[in-house]
Amino acid sequence: MSTPTWAPPCPVCGTPAVPAPAPCPTCGLPAVAQAATVVARLGATIDEFARERDALVATLRRAARTAPAPPPAPAHIPVVARVPDAPVPAPPAPRPVAPPRAPRPRLSPQQVLLGLGALLVVAAAIAFVAVAWTRLGVTFQAVVMGTVTAAACAASAFAARRGLRATEEALAAAGAALLAVDLGAAHALGLAGADAVPLRLWSGLSCVVAGGIALALGRATRSTVTWPLVALLAVQPAGWLLLPAGLADGPAGTAVLLGTALLDVLALLLLRPALRPVAQGLAAPVTTAGVLLGVPLAWDGAPLDSWLATAVLAVAAAGAVALLREPRVAAHLPPPRVVSGVAAAIAAAALAGSLSGLGVGGAVTAAGLGLVLLTAAAPPGTAAAALAALVAAGGVLAGAGAAVLAEEGRSGPLALLVLAAAVPAGLAAVLRPGVRPAATGAALAAPGLAVLVALEGDLLGPVPAALLLALGGAASFAVSALRARFPEEGAAAVAGTLAGLAAGLVAADAGAWGQLAVDLAVVGAAAGCYAVVARRQPVAVLAVADLVLACWIAAAGADVGTPEVYTLPAAAGLLLLAVPALRTGAVSWAAEGPAVAVALLPSALVVVDEPTALRLVGVVAVAAGLTVAGTLTHRQAPFVVGAGALAVVVLGRLAPYAPLVPRWVTLATAGLLLLVVGATYERRRQQAREAVAWVAQMR
C-alpha cells in the first residue's frame with residue numbers, strides 16, 4: 001500500500017487538490033493542482049518581501065542613531081500553503097551603515113572676499129592711527145575710529161538679522177580688530193590722559209572692556225560666533241594683567257591663572273558646540289602657566305609664598321577632581337584617572353617643595369608621607385581615579401624627598417626610607433596581580449639599594465655590605481624558584497642577578513678576595529637551585545660559572561698553585577651542566593667530553609713537565625679507568641681522552657731516554673718493525689680499519 005503524497009489545498013474550498021489536470025472534486029475548480037501551486041508560490045513571495053522590508057526599516061533606524069520602540073509585528077498576508085519545491089531564502093543580514101560624514105568645510109569665494117575686505121579695513125585703520133595723527137587732532141581721530149568701529153559692529157548685527165552669516169562674521173571680526181586698535185591707540189596717543197596709566201594696567205583694562213563689549217554684542221546677536229570667541233580670548237590675560245607687578249609673580253598670580261583655567265572649563269556648559277574646543281585649547285596652556293609659576297615658587301619662594309602657592313595648587317587640584325562629578329564637563333576632559341593623577345602629582349610636587357624648606361626633617365616627612373600614600377594604594381578595590389591620585393602623589397613625594405636627602409648627603413635617613421619602600425612594593429606584589437612583576441622587582445631591589453646608600457655614606461663597610469648584597473641576591477633567586485612559571489619570576493631573577501653583580505663589584509673594589517669568593521658561592525648556589533627548579537639552562541651556566549670562579553678566587557687568595565685545584569672545580573661544573581644531556585643519552589662529546597678533558601689533560605701535561613709520584617700514579621690510574629669505562633660503555637669521549645692521556649704520559653716519560661739507546665738498537669728495531677708490518681700488511685690494514693670503525697661507532 002503506497003503512502004499518499006501531500007498536495008496543496010484548493011484555493012476556493014480548501015479540499016486537497018487532485019493531480020492535474022483533474023478539477024476539484026468538491027467545488028469543480030478546473031486544474032485545481034496548478035492553481036493551488038501558483039497561489040502558494042505567490043504567498044511565499046509576498047512573505048519574503050515583507051521580511052526584507054522589515055530588515056530595511058531596522059537598518060535605516062540604526063543608521064539614524066535613534067532608539068525607537070520596537071516596530072510592531074508586520075501584518076503578513078495569509079498564505080494558504082507553501083509547496084516544498086519553492087523554498088524561501090532567508091533575508092541577508094543587514095550590513096551596518098556608517099553614519100554620513102560631515103562635508104569638509106570649504107572656503108568659498110565670498111568668504112575669501114569678505115576676509116580680505118575686513119583685513120584691508122583693519123590695515124587702513126592702523127595706518128590712519130599711525131600716520132594721520134600728525135595732520136589731524138587726536139580727538140578727531142578718536143571720533144573717526146569710534147565711528148568706524150561702531151559702524152562695523154552695527155553692520156554685523158544688520159547682516160545677522162538678514163541671515164547673511166559670512167558677512168556677519170567678517171564684519172564682527174573687523175569690528176573686534178578695530179576695537180583692539182582703538183584701545184591701543186588711545187594709550188599710545190594719550191587720549192584723555194590715557195598714557196598716564198601704566199601699560200600693564202591699561203592692557204588689563206582693555207581686555208576687560210573688549211570682553212565686556214564682545215559679550216554684550218554676542219547676547220544681542222546670538223547667531224554671531226565671533227563675539228563670544230573674542231570675549232573668551234580677551235578674558236584669558238585680563239586677570240593676570242590687572243594684578244600689580246609685585247603680586248603677579250606670586251601666589252596671587254598662580255591663583256588668577258588657575259582660576260581663569262577653571263572659568264574656561266566652566267564655560268563649556270554655556271558655549272555653543274563650535275567654541276567648546278577653543279575653550280578646551282585655552283584651558284590647557286593657562287593651566288600649564290599657573291603650574292609653571294606655582295611649583296617653582298613652592299620650592300624657591302619665601303616660606304609664606306611657598307605655602308600659599310602650595311595651598312593654591314592643592315585647591316586647584318581638588319577643584320579639578322570635583323569637576324569630574326559634572327557629567328557635562330567630564331565629557332570634555334581627559335579620563336578621570338588622568339585628571340586625578342596629574343592633579344595629585346602637581347599638588348604633591350608643590351607640597352614637597354614647601355616641606356623641603358623645613359630642612360632634613362621636611363624632606364623625611366615628604367618621603368615618609370609618599371610611602372604612606374603608596375601603601376594606601378596597595379589594597380585592591382580602590383577606584384581607578386583614587387588609585388591614580390594615590391600612586392602619583394606618593395611617587396612624587398617619595399622621589400622628591402629622597403632627592404633632597406641625597407642632595408644634602410643624608411645617607412642614613414635616605415637608606416632607611418629606601419628600605420621602607422619595600423613595604424608598599426611588597427604589599428602591591430601580594431595584593432595586586434596586575435602590577436605584581438614590577439612590584440616584586442621593586443620590593444626585592446629596595447634592600448640592595450639601601451645597602452648601597454649606606455655604603456656610600458660610610459655607614460657600612462665593604463665586607464658586610466657585599467655579604468648583605470649577596471644574601472639579598474640569594475633571597476631573590478629563592479623567590480624566583482618559588483614563583484617559577486609565574487609572571488614575577490623574571491623580575492625576581494633580574495633582581496638577584498643585579499644584587500650578585502653588585503656584591504662582586506663591592507668586594508672586588510675593596511680587595512676582599514676571600515669575601516668575594518664567599519659572595520659568589522652564595523649567589524651561585526642560590527641561582528643553581530633556581531635553575532634546577534625552573535629548568536633554566538642559561539641561569540644554570542651562570543650559576544656554575546659563579547661557583548667555579550669562587551673556587552678559583554679562594555684558591556688564588558690562599559696562594560695555591562696546584563693545577564688540579566683549578567681544573568677539578570671547572571670539570572665538576574661542566575659535569576653538572578652535562579647532567580641533562582646524560583639523561584637524554586646525548587653523544588659523549590656533547591655530554592661528559594668537556595668535563596673529562598678539563599679534568600685529565602692539564603694534569604697529564606703537568607706530569608710530563610713536573611713528574612711527581614703521586615700525580616703520575618693518579619693520572620695513569622684515572623686515564624686507564626676512563627679508557628676501560630669508555631670501552632665497556634661504548635662512549636667515545638672517555639675512551640679517546642683516557643687513551644690520549646696515557647699516550648702523552650708514556651711518550652713524555654720515555655722521551656728523555658731516547659738519546660741513550662744505541663743507534664744499532666734503534667736501527668734494528670725499526671727494521672724489524674718494518675719487516676713485521678710489511679709481512680702482515682693486509683691483515684694489519686684490516687685490523688686498523690676495524691679499530692677505527694669501532695672507535696667511530698662509539699657515542
### Summary
Kirkwood radius from Cα pairs of segment 293-383 plugged into Stokes-Einstein at 25 °C, 0.890 mPa s, gives D in µm²/s equal to 172 µm²/s
### Query
With θ set to phi - 60° and the Karplus curve 6.51 cos²θ - 1.76 cosθ + 1.60, what are the ³J(HN,Hα) couplings of segment 525-539 in order, to the nearest whole Hz, using x for Gly and Pro?
5, 5, 5, x, 4, 5, 5, 5, 5, 8, 6, 10, 5, x, 5
### Query
What percentage of the solvent-accessible surface of segment 352-419, computed with a 1.4 Å probe over protein heavy atoms, is contributed by carbon and sulfur atoms?
72 percent
### Task
Compute the length gained on full extension between LEU247 and VAL57: take 0.36 nm times their separation in residues and subtract their Cα-Cα distance, giving the result in nm to one decimal.
61.8 nm
### Query
What FRET efficiency do you get for ALA525 and ASP458 if R0 is 30 Å and r is their Cβ-Cβ distance, rounded to the nearest 0.05?
0.50
### Task
Quickly work out the PHE158-to-LEU201 label distance, labels modelled 7 Å from Cα along the C-beta direction, and quote it in nm with one decimal.
4.0 nm
#### Entry: Debye log10 I(q)/I(0) for segment 486-554, one point scatterer per Cα, at q = 0.12, 0.28 Å⁻¹
-0.30, -1.22
#### Entry: Sulfur and carbon atoms: percent of accessible area, segment 213-323 [1.4 Å]
77 percent
### Message
Give me the extension gain from LEU431 to GLN537: residue separation times 0.36 nm, minus the current Cα-Cα distance, reported in nm with one decimal.
### Response
35.0 nm
### Computed E for ALA438/VAL315 - FRET, C-beta separation, R0 35 angstrom, nearest 0.05
0.60
### Message
Using a probe radius of 1.4 Å on heavy atoms only, what accessible surface per residue do you get for segment 165-263? Whole Å² is fine.
### Response
44 Å²
### Query
Counting Lys and Arg as +1 and Asp and Glu as -1, each charge on the Cβ, what is the dipole of segment 512-598 about the Cα centre in debye, to the nearest 20?
380 debye
### Message
Computing the accessible area with a 1.4 Å probe over protein heavy atoms, can you report the carbon and sulfur percentage for segment 452-553?
### Response
74 percent
### Message
Under the 0.36 nm per residue contour assumption, what length would be gained going from the current alpha-carbon distance of THR612 and VAL144 to full extension?
### Response
156.4 nm
### Task
Give the accessible surface of segment 518-557 per residue, rounded to a whole number of Å², with probe radius 1.4 Å and ligands, DNA and RNA excluded.
48 Å²
### Task
Take the Cβ-Cβ distance between ALA331 and VAL209 as r, set R0 to 41 Å, and report the resulting FRET efficiency rounded to the nearest 0.05.
0.75
### Message
Run the paramagnetic zone check for ALA216: 7 angstrom along Cα to Cβ, then residues of segment 151-176 with backbone nitrogen under 18 Å.
### Response
151-158, 172-173, 175-176
### Summary
Taking 306-314, 248-256 and ranking on average Cβ neighbours within 10 Å, highest first, one gets 306-314, 248-256
### Query
With each label point set 7 Å from Cα along the Cα-Cβ vector, what nm distance links THR382 and LEU42?
7.6 nm
### Task
Leaving out ligands and nucleic acids, note down the accessible area per residue over segment 351-420 with a 1.4 angstrom probe, in whole Å².
41 Å²
### Query
So what's segment 214-348 giving for Rg/Rh, alpha carbon basis, Kirkwood Rh from the mean inverse pair distance?
1.01
### Message
Which residue, VAL579, VAL541, ALA492, has the largest displacement toward the positive end of the dipole of segment 487-600 when charges sit on each Cβ (Lys, Arg +1; Asp, Glu -1)?
### Response
VAL579
### Task
Among ALA170, LEU232, GLY193, flag the residue with its Cα farthest along the positive direction of the charge dipole of segment 151-292, charges on Cβ as +1 for Lys/Arg and -1 for Asp/Glu.
ALA170
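The values are calculated or read from the model by the stated rules, or taken from the named source; none is laboratory data. Predicted model only: the values in this text are computed from it and were never measured. Neighbour counts are summed over all protein chains in view; Cβ atoms, including those assigned to glycine, are modelled from backbone coordinates with ideal geometry. Ligands, DNA and RNA are stripped out before the accessible areas are found, and what is left, the full protein with its side chains, is counted by its heavy atoms. Shrake-Rupley method; radii C 1.70, N 1.55, O 1.52, S 1.80 Å.
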